[in-house]
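The values are calculated or read from the model by the stated rules, or taken from the named source; none is laboratory data. Computed from a prediction, not measured in an experiment: that's the story for all the values here. Quick reminder, even Gly has a Cβ in these numbers, built from the backbone with ideal geometry, and neighbours come from all protein chains shown.
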Amino acid sequence: MTASEKYEFEVYDPEQGKVFIWGDKFYAKIKIKLTYKQDGIEKIKVFDQDAAGSPFQMGIQTGPYIYDDTGDPIPWNNPGFYHITYDGQSIFNFYVWGPVLDYSNSDKYIGISRINAVDSADQPVIIRYSIKEMEGVTITSAKIQVCDKNESVIWEIDNIPIGDNQQREWNGGKWSGEIALPGEYGIRIVSVGNGKEVPTEPHRVIVFKVDIETPCERLDPPYKCVDSFIARRDRIGDTLWAKPDGIPLELRSRVTWECGDDPTDSIASGTCKIKGPPAYFIFDPAPPPALQGRTGPLAYIVKATIRDDNNKSYESRYRIWQDKLDELRQEYEDMPERVTQPRTNFDQDQPATAYARLLDPPDIEYNRHNDNNGNWHILRLNNLNQRATDLDGRYAGNLRVTSGYRCPIANSQTSGNEPTSRHQYGRAFDFNQQSDEGNYGVWIEADKMGLDAILYGRIQNSTNERRVYDYELHQYVYPNMPPDIVQYTHGHAEW
């Protein structure tokens, strides 16, 4: 072009300001206005087609890509107002309609906490978006979707609000109601305008949680391996490893850690120290003595916190706590003269025994272990139920069990208890056939089985109703006295 020539461009079809649906493709027809001088006279020529008669035009794809003059795709950011310029001058402007997701101010993380052996989100993800109502666009529906890395929809909600500056929440759940596994997810807004479904580009959200490698003690099927700990008498600290599951390695430097006693459990469980990286924790249980048993489980809270670019924090907490079985095992640690018990020494059979009183005397034992958490007791290890069944078979007289397994607290509150009583280990039971002959007969059969059997009673017609004491055995026993001389009130068998 010479200095005397000037080109101007104009899009004459479609009209200026036309609204297109995001994803539409259209052709902008162009007029070229040439201004020049010939023989000193200014002249103008307008071209709108080439030599073959085809119009000058350019194709515009309104999403997800536009194209530059080399034909290479340029990512199309968002619906909104756009204009095409040439030489600094606007030659065409138009609107692109579709949902707009506020990627900067929407949440980028969701922390999943595990407090009572159940995963839940303390803070939901907040997604901020806009869906404009515009002349020429009929909006029939709008929804939000959460997709996994395979782009499968795991959760969605229909009929979300339309308008500027809207927001919706996702609590980390899936269709099934379960919490999503740690990892990366995409959240998008999908609207239908003029009959066409229009999605946004996915917004990346990271689901993360504290993962603690706790000691895991296995039980016989169907009982599963569980997180477990007790404060042993020697108070040796337990070392547990932790990591933020779901957070990519490049973001782990943003994670900060805390741990300490659970303030809601009413018990000072002890101290917790953090070391690393990678993060690991040393728990130093130091609970006060509880000779009559504890009022609740020992518990700690481990917390991971991550901050986004807007300095908003997201937390994931993990509560390490004693379940009902560990609370029971803690009694063997807290109360003197009791022997430490591993989890595998206990069972939870339902119904537990053929003899109801093998489990529930006294009342505290019934109340502690016949609740909604099920019965935990020592039966399987020492075959308590089978011993009673075998004795019943030998005696053939409807064995009446009056007391069997006792946890340490129950044993301590039983009249005449001994701290070393074998009742606490499922190795003893008491019986009472409600007759002298019956109690004597059960004792005879128990002795034949090789059980350490004892009979209790008193001499008939004694004004003091004193018990007879065997100085050799140092027990109140009556194995050599027939029932017509002694009243046999009850008996005891152990092994």
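Against the condition part of a loop (DSSP other than H, G, I, E, B) and not assigned by TED's automatic domain parsing to the domain that holds ILE139, how does ASP69 come out, does it pass?
In short, yes.
Given the criteria closer than 30 Å to GLY260 by Cα and assigned to a strand (DSSP E or B), does ILE112 qualify?
It is true that ILE112 is closer than 30 Å to GLY260 by Cα and assigned to a strand (DSSP E or B).
Do you know which residues across segment 22-58 are of a type in the set (Ser, Thr, Tyr) and either at pLDDT below 90 or not in a loop (DSSP other than H, G, I, E, B) (or both)?
If the condition is that a residue be of a type in the set (Ser, Thr, Tyr) and either at pLDDT below 90 or not in a loop (DSSP other than H, G, I, E, B) (or both), then TYR27, THR35, TYR36 are the ones that fit.
Name every residue in segment 32-60 that is in contact (Cβ under 8 Å) with a residue 12 or more places away in the chain, charged (D, E, K, R) and surrounded by 10 or more Cβ atoms within 10 Å (Cβ to Cβ), in order of residue number.
Within segment 32-60, LYS33, LYS37, ASP48 meet the criteria.
Looking at segment 1-21, which of its residues are in a strand (DSSP E or B) and either more than 14 Å from TYR95 (Cβ to Cβ) or in contact with a Pro (Cβ under 6 Å, 6 or more places away or on another chain) (or both)?
Selection gives LYS6, TYR7, GLU8, PHE9, GLU10, VAL11, TYR12, ASP13.
Checking ARG427 against (1) modelled with pLDDT under 80; (2) of a type in the set (Lys, Arg); (3) in contact with a Phe, Trp or Tyr (Cβ under 9 Å, 6 or more places away or on another chain), which test does it fail?
Failed condition: (1).
Quick check on my filter: what residues within segment 134-161 are among the hydrophobic types (A, V, I, L, M, F, W, C) and under 24 Å from GLY183 (Cα atoms)?
Within segment 134-161, ILE144, VAL146, CYS147, VAL153, ILE154, TRP155, ILE157 qualify.
Just for segment 109-141: of the residues that are among the charged types (D, E, K, R) and surrounded by 15 or more Cβ atoms within 10 Å (Cβ to Cβ), which one is farthest from GLY98 (Cα to Cα)?
Here the residue is ARG114.
Just give me the residues in segment 410-424 being touching a residue at least 24 places away in the same chain (Cβ under 8 Å) and surrounded by fewer than 21 Cβ atoms within 10 Å (Cβ to Cβ), in sequence order.
SER412, GLN413, THR414, PRO419, THR420, ARG422 - these are the residues of segment 410-424 that are touching a residue at least 24 places away in the same chain (Cβ under 8 Å) and surrounded by fewer than 21 Cβ atoms within 10 Å (Cβ to Cβ).
Please verify whether ASP122 is among the acidic types (Asp, Glu) and at pLDDT 90 or above, treating the condition exactly as stated.
Taking the combined requirement at face value, the residue does not satisfy it.
Condition check: modelled with pLDDT under 90, buried (at least 18 other Cβ atoms within 10 Å of the Cβ) and not aromatic (Phe, Trp, Tyr). Does VAL442 satisfy that?
Taking the combined requirement at face value, the residue does not satisfy it.
Take the conditions loosely packed, with under 10 Cβ neighbours inside 10 Å and among the small types (Gly, Ala, Ser) and apply them to GLY63. Does it pass?
Considered against the rule, which asks whether it is loosely packed, with under 10 Cβ neighbours inside 10 Å and among the small types (Gly, Ala, Ser), GLY63 comes out as no.
All but one of (1) surrounded by 13 or more Cβ atoms within 10 Å (Cβ to Cβ); (2) at positive phi hold for GLN167; which doesn't?
(2)
Return the residues of segment 255-280 that are surrounded by fewer than 15 Cβ atoms within 10 Å (Cβ to Cβ), not in a strand (DSSP E or B) and not β-branched (Val, Ile, Thr); say none if nothing qualifies.
Once the filter is applied, which keeps residues that are surrounded by fewer than 15 Cβ atoms within 10 Å (Cβ to Cβ), not in a strand (DSSP E or B) and not β-branched (Val, Ile, Thr), segment 255-280 yields PRO263, SER266, ALA268, GLY276, PRO277, PRO278.
Considering only residues of segment 309-355 that are among the polar types (S, T, N, Q) and surrounded by fewer than 17 Cβ atoms within 10 Å (Cβ to Cβ), which is modelled with the lowest pLDDT?
The qualifying residue modelled with the lowest pLDDT is GLN350.
Give me a count of the residues in segment 410-437 that are part of a helix (DSSP H, G or I) and closer than 18 Å to ARG357 by Cα.
Number of matching residues: 7.
For segment 398-409: of the residues being in contact with a Leu (Cβ under 8 Å, 6 or more places away or on another chain) and assigned to a loop (DSSP other than H, G, I, E, B), which is surrounded by the most Cβ atoms within 10 Å (Cβ to Cβ)?
Across segment 398-409, the extreme among qualifying residues is TYR405.
Counting only residues that are part of a loop (DSSP other than H, G, I, E, B) and surrounded by fewer than 19 Cβ atoms within 10 Å (Cβ to Cβ), which one in segment 234-254 is modelled with the highest pLDDT?
PRO248
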